[in-house]
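The values are calculated or read from the model by the stated rules, or taken from the named source; none is laboratory data. Fair warning: this is a prediction, and the values are worked out from it, not measured in the lab. Note: ideal-geometry Cβ built from the backbone for every residue, glycine included; neighbour counts use all protein chains shown. Surface accessibility is based on the protein's heavy atoms, side chains included, excluding ligands, DNA and RNA. Shrake-Rupley method; radii C 1.70, N 1.55, O 1.52, S 1.80 Å.
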Amino acid sequence: RHWLDVAHYGDTHGYDKDQPRPNAWPYRDYIIRSFNDDKPYSRFVLEQLAGDVMWPNTRDGIEATGFIAAGPWDLIGHAEVPESKLDGKVARNLDRDDMVTSTMNTFASMTVQCARCHNHKFDPVTQEHYYSLQAVFAALDRTDRVYDADGSLSLQRRELSEKINVLKSRQTELELLVKVQGGNELAAIDQQIHEVEQIQSTGEHPAYGYHSEIAPADNVRKWVLVDLETAQIAQKIVLRACRDNFAGIGEGFGFPIRFRIETAADANFTTDVVIVVDQSQLDFENPKLKPVEFTMPSSEPFRYLRITATKLAERSNDFIFALGELAILDAEGINLAHNRQVSALDTIEMPPRWQKSNLVDGIFVSREPNEKLILQLTELRQRRQQLLDQKLSTELRTQVSQVADDLKQVTDEMAAMPPPAKVYCGAVHSGSGSFVGTGPHGGRPREIRILGRGDIQSPGKLVSAGTVPIIPGYDWRFQLPDSHAESDRRVALAQWLVRRDNPLTWRSIVNRIWLYHFGRGIVESANDFGRMGELPTHPELLDWLAADFRDGPQTLKALHRKIVTSNTYLQASFDRPNELDRDADNRFYWKMNRQLLDAESIRDATLQVSGKLNVQLYGQPFQDFVIERPEHSPHYEYHLHDPNDPASHRRSIYRFIVRSQQQPFMQTLDCADPSESVAKRTTTLTSLQALTLMNNQFMIAMSQHFSQRAINQTEVQSEQLRFMWRQALGRDPTDDELDELTKLAEQFGLPYVARAILNLNEFVFVD
């Protein structure tokens, strides 16, 4: 969790829309897995910047690059504004800045980001150094990457994909020969097939339906009438709405809010009039694309059917009546209205999109398969095959058939493989619309220039990929061939970071581990070892720990063990007057600092003692909120979540992390802000924390479970109280403590005692 604080990991994008980021969690699992496996630190660093190229067929190699994309991302600036626009360029410049900042702050504790607008005022970092680091990430975007967790599957998928490409290439060659031998007649059929397939796949069709003239108010009556030519007996009427994205309306465009359907023997509706349905008094719910069916009230024959809209649908500050399709079905399901004459009070005739005849043409927008289109496509394909049999040579037909069979076999093999996983990471993106990425350009890195005062409109000198000149005798510009791949830049930076003679990388990590054990670092500013950061209190100790860690197996578990078995760590937390006068801040460690549990540990400990902690490892995050309005700018409503939901009883590391609306319980207990890189959490002691631990719905629910757990252990109240005390504090209560607990239990009940125990300092402090 501390590492994710520094990497400013989150499960949403941040910024104003703050949409969910559903595939971020594999990076979180990679971090947990790496620490559990005690992965050598140099490998850990290399993987997070260039694992996809250095270990391309491994799960860790791909998931680790989630580090590059862990921070906030401006969805509007990337997905809604093209890169050619000024705002798009600004968004991408800031995105690369975050990648550079995160990399150098995290691994080297360097504030290179200060040089985005001018040379660093205090450290030897120029604008050229900074923009050379931007060039390292110039081809990347934050995007979902498809991969196989099993490396062998990845190789198999790649081999099958190569076979498919070869077969498709051969198929294209044969199709050219087929077109030559098939002639113009074949080309015409292929064009028809293409058009029908487009309609079938998208659900769109140029013939939308019937559209009345526009009315200024919704109470203007409109009608449309179908003439069956002869009197017919019908069993059912089916109405289908239109779909038109005008004014963002979409499905159900123009469907009347109130209407009436009638049949008659004459066009003036004076003879044998039957009201099929009268929906003229109550609003009818918009059916979207769902067919609306009405059963005929009688079996009397009729020739004319009229639909009268009595309350029109709103279009854009005006009102209309529109229908996509009308079907009048007999007992055998035959559409009696198909291609019959249609008349209307008024109409907008804009062929092929809007015209009266579209109402009965059998073509409509639907989520269901369109039988007419399926039949039409079948007939076209049969005609095509007949033509091929007539015009193609036997040899060409055999080759076409063989390649098609081979392609189907390989494609079926690919389809039978387990579906690949996705991780949100830094990668070359191939998109469409505004968010295109560098994929369409072969992943070629963007041109990076020094920006005067950091202004995207003031480009200066073109720079190449490089880093910062802090290693004597090492050229800070990466020596890469002109034809180098994008990933070569990231490999060069990663390898520079883990060089033995790079002093910052090794100092940075040992200082972080020291900080988490003692509550303060040897260098207190863990993300900044520069002149504006804090000086080390024990520089020789820092260098010894760094060199010892670098030259050993680089396992963090060994470093933890070395620290927690040291005499410094084993000290008591009691004050000594003489030392207190000389070093009130305990900067020189004359005692052990008292440490408050962090927010996650308090929550997990509460779940543990209540008997509800789910210790399942890895997987998708749990959500302790309810999302409202997810389609635009989601509202993450924590107060609507049920704290008794078992899915949310996992350890806090697996919590869905929202950037814009932090979890109030966790935020009150000083949980890190996921929008920022947090090298050291602020530790506070406030009355609000005490009130939260006493009254938050989560704490109340867990207190109930905690007390019930004690009741399940024994029926004797004194033993119940001892059990709860031991579970929470790891020791038996004294006689005085047991007396106080007994009084509380008798006056307020056992759940209240559980809440009191969970609010003790002894429960929330380490020492």
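Observations on the structure shown:
- Qualifying positions in the stretch 210-228 - over 17 Å from PHE269 (Cβ atoms) and either assigned to a strand (DSSP E or B) or of a type in the set (Ser, Thr, Tyr) (or both): TYR210, HIS211, SER212, ALA215
- Identity of the residue in the stretch 37-76, β-branched (Val, Ile, Thr) and over 22 Å from the mean Cα position of the chain (by Cα), that ends up modelled with the highest pLDDT: VAL45
- Considered as a group, the residues in the stretch 133-169 that are in a helix (DSSP H, G or I), charged (D, E, K, R) and in contact (Cβ under 8 Å) with a residue 40 or more places away in the chain include one that is surrounded by the fewest Cβ atoms within 10 Å (Cβ to Cβ), and that residue is LYS168.
- The stretch 626-658, subset in contact with an Asp or Glu (Cβ under 6 Å, 6 or more places away or on another chain) and of a type outside the set (Ser, Thr, Tyr), residue surrounded by the most Cβ atoms within 10 Å (Cβ to Cβ): ILE657
- Considering residues of the stretch 291-312 that are part of a strand (DSSP E or B) and aliphatic (A, V, I, L, M) only, the residue surrounded by the fewest Cβ atoms within 10 Å (Cβ to Cβ): VAL292
- Scanning the stretch 699-738 for residues that are outside any helix (DSSP H, G or I) and farther than 21 Å from VAL766 by Cβ yields THR714, GLU715, VAL716, THR734.
- Scanning the stretch 252-266 for residues that are part of a loop (DSSP other than H, G, I, E, B), open to solvent by 20 Å² or more (accessible area, probe 1.4 Å) and within 24 Å of GLY324 (Cβ to Cβ) yields one hit, ILE257.
- Index of the failed condition, ALA754 passing every other in (1) closer than 20 Å to ALA605 by Cα; (2) open to solvent by 20 Å² or more (accessible area, probe 1.4 Å): (2)
- ALA79 meets all of the listed conditions (1) at pLDDT 95 or above; (2) closer than 28 Å to ILE450 by Cα but one, namely (1).
- Positions within the stretch 440-477 being in contact with a strand residue (DSSP E or B) (Cβ under 7 Å, 6 or more places away or on another chain), of a type outside the set (Val, Ile, Thr) and touching a residue at least 60 places away in the same chain (Cβ under 8 Å), in sequence order: GLU447, ARG449, LEU451, LYS461, SER464, GLY466, TRP476, ARG477
Every residue, every condition in (1) β-branched (Val, Ile, Thr); (2) touching a Phe, Trp or Tyr at 6+ places or on another chain (Cβ under 6 Å), yes or no:
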{"position": "GLU300", "(1), (2)": "no, no"}
{"position": "LEU305", "(1), (2)": "no, no"}
{"position": "LEU312", "(1), (2)": "no, yes"}
{"position": "ASN317", "(1), (2)": "no, no"}
{"position": "ILE320", "(1), (2)": "yes, no"}
{"position": "ILE334", "(1), (2)": "yes, no"}
{"position": "LEU373", "(1), (2)": "no, no"}
{"position": "THR378", "(1), (2)": "yes, no"}
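Okay, residues lined up against (1) modelled with pLDDT of 95 or more; (2) open to solvent by 70 Å² or more (accessible area, probe 1.4 Å); (3) of a type in the set (Lys, Arg); (4) more than 15 Å from PRO643 (Cβ to Cβ):
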position	(1), (2), (3), (4)
THR684	no, no, no, yes
GLN697	yes, yes, no, no
ALA701	yes, no, no, no
ILE711	yes, yes, no, yes
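Every residue, every condition in (1) small (Gly, Ala, Ser); (2) in contact with a Gly (Cβ under 8 Å, 6 or more places away or on another chain), yes or no:
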site: SER660; (1), (2): yes, yes
site: PRO664; (1), (2): no, no
site: CYS671; (1), (2): no, no
site: GLU676; (1), (2): no, no
site: MET694; (1), (2): no, no
site: GLN697; (1), (2): no, no
site: ARG709; (1), (2): no, yes
site: ASN712; (1), (2): no, no
site: ASP732; (1), (2): no, no
